[in-house]
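Here's the structure we're looking at; comments come further down.
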């Protein structure tokens with residue numbers, strides 16, 4: 001029987017944590033669990049149990065291996081804890097849902113390389129940080145059995161920059177699970193109409209562009225707000241944050257989905273993503289997404305009715321006005337339903353094929 005371990009130390013974190021949760025839930029939902037493979041989750045047992053609710057009924061199929069270290073720290077990089085756990089429990093393959101692989105990885109493993117954003121023209125990283133990122137990729141990728149990429153756009157870009165890794169790269173779309181279960185039936189929303197954004201103010205997220213578009217939109221529709229889930233900032237780029245723009249700070253999953261459900265639309269003007277899960281989660285709730293049509297991750301979600309060119313401020317404003325005037329069109333609803341159906345499909349067979357490499 002294949003003994004698969006998942007590095008689950010990032011559960012509960014945004015981005016990589018949500019991807020890790022998706023991988024774990026996907027494997028837990030497989031009919032092959034306990035037959036052709038058993039699952040080991042490496043991380044803090046309290047955190048894992050909090051996020052994975054079905055563990056209690058799978059005691060003979062799923063095992064938690066305690067590791068309190070955090071990825072992306074020097075302590076974690078030099079830790080031998082993972083090596084000892086793998087040897088003690090005779091793990092067949094370890095899946096790191098990121099590239100921060102410990103130094104002492106003398107065992108079989110696969111990694112997920114999500115994107116090359118630190119090397120993109122949108123990332124204002126110091127040259128030293130870019131070099132460290134490249135070294136980290138090389139260190140983990142060369143030793144990995146396989147490299148999972150989460151989109152065709154990401155895999156094509158990685159092949160272009162690191163052609164010698166081509167044979168190892170496998171594209172496996174993450175499965176997106178319904179988000180309605182995380183919502184409380186008592187959740188309430190205020191009467192102020194608003195658009196929602198999720199993310200930080202890094203250049204590739206394009207929040208400054210969204211705020212400028214919202215400012216123009218507000219001249220005709222002064223009753224709307226723009227709410228941004230992320231750390232509060234008084235300035236973004238070269239200007240002060242307008243009064244109708246609110247930063248909500250860090251939120252729980254329930255608060256995130258509740259904010260999504262109450263919004264007029266999700267704004268997702270990002271210039272580069274490896275995958276970009278928020279538009280799919282919004283689609284589960286029937287909430288439309290405004291996004292750029294001329295970016296690589298448009299492969300994942302790009303509503304033809306509400307998309308715009310990444311350099312067209314007027315196009316962005318026009319899409320905002322279209323939603324405010326007409327609401328969600330039937331064409332947009334059909335597009336969202338199609339995307340939800342596609343990304344709800346099981347990827348277990350693809351993952352197990354990678355793990356059996």
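The values are calculated or read from the model by the stated rules, or taken from the named source; none is laboratory data. Computed from a predicted model, the values in this text were never measured in an experiment. As a convention, Cβ positions derive from the backbone with ideal geometry for all residues, glycine included, and neighbour counts pool all protein chains shown.
Only one of the numbered conditions (1) closer than 30 Å to residue 169 by Cβ; (2) outside the structural domain of residue 20 (by TED's automatic domain parsing) is violated by residue 351, and that is (2). Tell me, yes or no, whether segment 324-332 has at least one residue that is surrounded by 13 or more Cβ atoms within 10 Å (Cβ to Cβ), farther than 17 Å from residue 266 by Cα, out of contact with any helix residue (DSSP H, G or I) (no Cβ under 7 Å at 6 or more places or on another chain) and assigned by TED's automatic domain parsing to the domain that holds residue 267. Checked against the condition, which is being surrounded by 13 or more Cβ atoms within 10 Å (Cβ to Cβ), farther than 17 Å from residue 266 by Cα, out of contact with any helix residue (DSSP H, G or I) (no Cβ under 7 Å at 6 or more places or on another chain) and assigned by TED's automatic domain parsing to the domain that holds residue 267, segment 324-332 yields no hits at all. For segment 259-305, the set of residues classified as part of a loop (DSSP other than H, G, I, E, B), closer than 29 Å to residue 170 by Cβ and touching a residue at least 24 places away in the same chain (Cβ under 8 Å) consists of 270, 271, 272, 273, 274, 275, 276, 277, 295, 300, 301, 303, listed by residue number. Mind checking whether some residue in segment 141-159 is assigned to a loop (DSSP other than H, G, I, E, B), surrounded by fewer than 14 Cβ atoms within 10 Å (Cβ to Cβ) and at pLDDT below 95? No; the residues of segment 141-159 include none that is assigned to a loop (DSSP other than H, G, I, E, B), surrounded by fewer than 14 Cβ atoms within 10 Å (Cβ to Cβ) and at pLDDT below 95.
Quick check on segment 206-229. Is at least one of its residues under 19 Å from the mean Cα position of the chain (by Cα), assigned to a loop (DSSP other than H, G, I, E, B) and either surrounded by fewer than 15 Cβ atoms within 10 Å (Cβ to Cβ) or in the same structural domain as residue 123 (by TED's automatic domain parsing) (or both)? Scanning segment 206-229, I find no residue that is under 19 Å from the mean Cα position of the chain (by Cα), assigned to a loop (DSSP other than H, G, I, E, B) and either surrounded by fewer than 15 Cβ atoms within 10 Å (Cβ to Cβ) or in the same structural domain as residue 123 (by TED's automatic domain parsing) (or both), so the answer is no. Would you pick out the residues in segment 48-62 that are at pLDDT below 85 and either under 24 Å from the mean Cα position of the chain (by Cα) or at positive phi (or both)? Answer for segment 48-62, where residues must be at pLDDT below 85 and either under 24 Å from the mean Cα position of the chain (by Cα) or at positive phi (or both): 49, 50, 51, 52, 53, 54, 55. The requirement of being over 27 Å from residue 281 (Cα atoms), over 22 Å from the mean Cα position of the chain (by Cα) and modelled with pLDDT of 90 or more is satisfied by residue 65.
Within segment 83-104, count every residue that is more than 22 Å from residue 18 (Cβ to Cβ) and either touching a strand residue (DSSP E or B) at 6+ places or on another chain (Cβ under 8 Å) or outside the structural domain of residue 136 (by TED's automatic domain parsing) (or both).
So the count comes out to 7.
Taking the condition over 21 Å from the mean Cα position of the chain (by Cα), under 24 Å from residue 151 (Cβ atoms) and either surrounded by 13 or more Cβ atoms within 10 Å (Cβ to Cβ) or assigned by TED's automatic domain parsing to the domain that holds residue 198 (or both), does residue 79 pass? It is false that residue 79 is over 21 Å from the mean Cα position of the chain (by Cα), under 24 Å from residue 151 (Cβ atoms) and either surrounded by 13 or more Cβ atoms within 10 Å (Cβ to Cβ) or assigned by TED's automatic domain parsing to the domain that holds residue 198 (or both).
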